[in-house]
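Take a look at the structure below.
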Amino acid sequence: MRRRQHMRIPVVPPTAPAVVEPAVTEPLIPQPAATSEALAPTVSDPAELEREAALARLFELHYASMLRLAVLLGADDPENVVAEAYYQLYRKWRRLRETEAAEAYLRSTVCNLTRMRIRHLQVARKHVENPPDDVVASAESTALLHDDQRVLINALQQLPTRQREALVLRHWLGLKESEIAAAMGISCGSVKTHTARGIAALTQAMEARR
């Protein structure tokens, strides 16, 4: 008998899956805005422009008087005191807005900053072995006080802080008692007390120098 011949079926290796190349996409490039929009200038906030213009006017009107106030109150660095007062006014302008309120705020801030500065110097000098006898005044401060009687100014600097503030605000700036009270943060009755005591002490000091 003839053997049945088995057919050998060739084994075909499995075909490797086709590698799909990722689609190449173009990077997203932001499209430029329209030419008219690109060239348009940035619009400033009208409120900011208004604030800066108002502060510029206040600087021109009251800088000299505020500097004089700081000098008469005994500030050793009156320019920095006034600059800080204007900076604080700039930060709180949205709450004030009115020019009269801004001027009163400047006076009050100058008084407070000068008072704080004097206290700081008094504490600092206690820890210095040889504190300076006199504080060298700036050229601008000297010019402002050139027309004042030096003896009177020196006597004024020796008064207690509150008495000095009351006298300066009343007799140098010509403020009303209510304005002085607002600037010093005290009542009108206290203003009268400090003013009366300041005048008495200043008169006594002036008579002692004669």
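The values are calculated or read from the model by the stated rules, or taken from the named source; none is laboratory data. Owing to the predicted nature of the structure, the values given are computational and were not obtained by experimental measurement. Heads up, the Cβs are rebuilt from the backbone with ideal geometry, glycines too, and the neighbour counts pull from every protein chain shown. Protein only, heavy atoms only, side chains kept; ligands, DNA and RNA dropped before computing areas. Shrake-Rupley method; radii C 1.70, N 1.55, O 1.52, S 1.80 Å.
Numbers for the structure displayed
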quantity: Heavy-atom accessible area ranking, 1.4 Å probe, most first, across C111, C188; calculated: C188, C111
quantity: Accessible-area ranking of R162, R170, largest first, probe 1.4 Å; calculated: R170, R162
quantity: Difference of contour (0.36 nm per residue) and Cα-Cα distance, T193 to L55; calculated: 46.2 nm
quantity: Computed E for K92/Q158 - FRET, C-beta separation, R0 41 angstrom, nearest 0.05; calculated: 0.75
